[in-house]
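The values are calculated or read from the model by the stated rules, or taken from the named source; none is laboratory data. Here the structure is a predicted model, which is why all the values come from computation and not from measurement. Positions of Cβ are backbone-derived with ideal geometry, glycine not excepted, and every protein chain shown enters the neighbour counts. All accessible areas refer to the heavy atoms of the entire protein, side chains included, with ligands and DNA or RNA removed. Shrake-Rupley method; radii C 1.70, N 1.55, O 1.52, S 1.80 Å.
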Amino acid sequence: MHCPECGFVNPEGANYCQRCGAFLPEAEREGDTTAAYQLDESGEMRPVDLDEVVAEGATLAIRSGGGRAGEIFEVKGDQMQIGRSPDAEVFLDDVTVSRNHALLVRRRDGLYVDDLGSLNGTYVNRRRIESHKLANGDELQVGKYKLTYLER
């Protein structure tokens, strides 16, 4: 896969260029398929059609970390907490994630992710952030988890 910024040839499946660190767009990736699922009320995994879920609104999808790749979280309401606390709407159970790690906040001009002073930080597209307006395709890193923000 060629980097759109510097032209370096990266291995297939790479998210970022090994030479310059630029994001490698998903449109150029072939076979990048992850089955999506949600946990139902009984705690069972229920497969979902990601296109249908995204059509209803914004979604966070776990891409890697904790053996939970493919799990999705529909973004609902004005705020959603991300953290290791069992009360968090996006519950990520790992010591690399703070109990109250980050917050998704809907503001007038869009959806933002705010770091809540976490020890390991919150990253969007490999940059540590305090607050960041999310755009379709942004990659969030919270502890060892990598999540993709999807919207229509």
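Given the criterion in contact with a Ser or Thr (Cβ under 6 Å, 6 or more places away or on another chain), on the phi > 0 side of the Ramachandran plot and open to solvent by less than 40 Å² (accessible area, probe 1.4 Å), identify the matching residue among GLY143, GLY137.
Details: GLY137 fails: in contact with a Ser or Thr (Cβ under 6 Å, 6 or more places away or on another chain).
Of the residues listed, the single one that is in contact with a Ser or Thr (Cβ under 6 Å, 6 or more places away or on another chain), on the phi > 0 side of the Ramachandran plot and open to solvent by less than 40 Å² (accessible area, probe 1.4 Å) is GLY143.
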Residue by residue through the range 86-116, note down the ones that are of a type outside the set (A, V, I, L, M, F, W, C) and either under 16 Å from ILE62 (Cα atoms) or open to solvent by less than 70 Å² (accessible area, probe 1.4 Å) (or both).
GLU89, ASP93, ASP94, THR96, SER98, HIS101, GLY110, TYR112, ASP114, ASP115
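Give ALA58, ALA36 a once-over and let me know the one that is closer than 22 Å to MET80 by Cα and at pLDDT 75 or above.
ALA58
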Would you confirm whether or not the range 78-85 contains a residue that is under 21 Å from GLN141 (Cβ atoms), of a type in the set (Val, Ile, Thr) and either at pLDDT 90 or above or open to solvent by 50 Å² or more (accessible area, probe 1.4 Å) (or both)?
yes
So which residues in the range 112-142 are over 13 Å from the mean Cα position of the chain (by Cα) and among the aliphatic types (A, V, I, L, M)?
LEU116, LEU119, ILE129
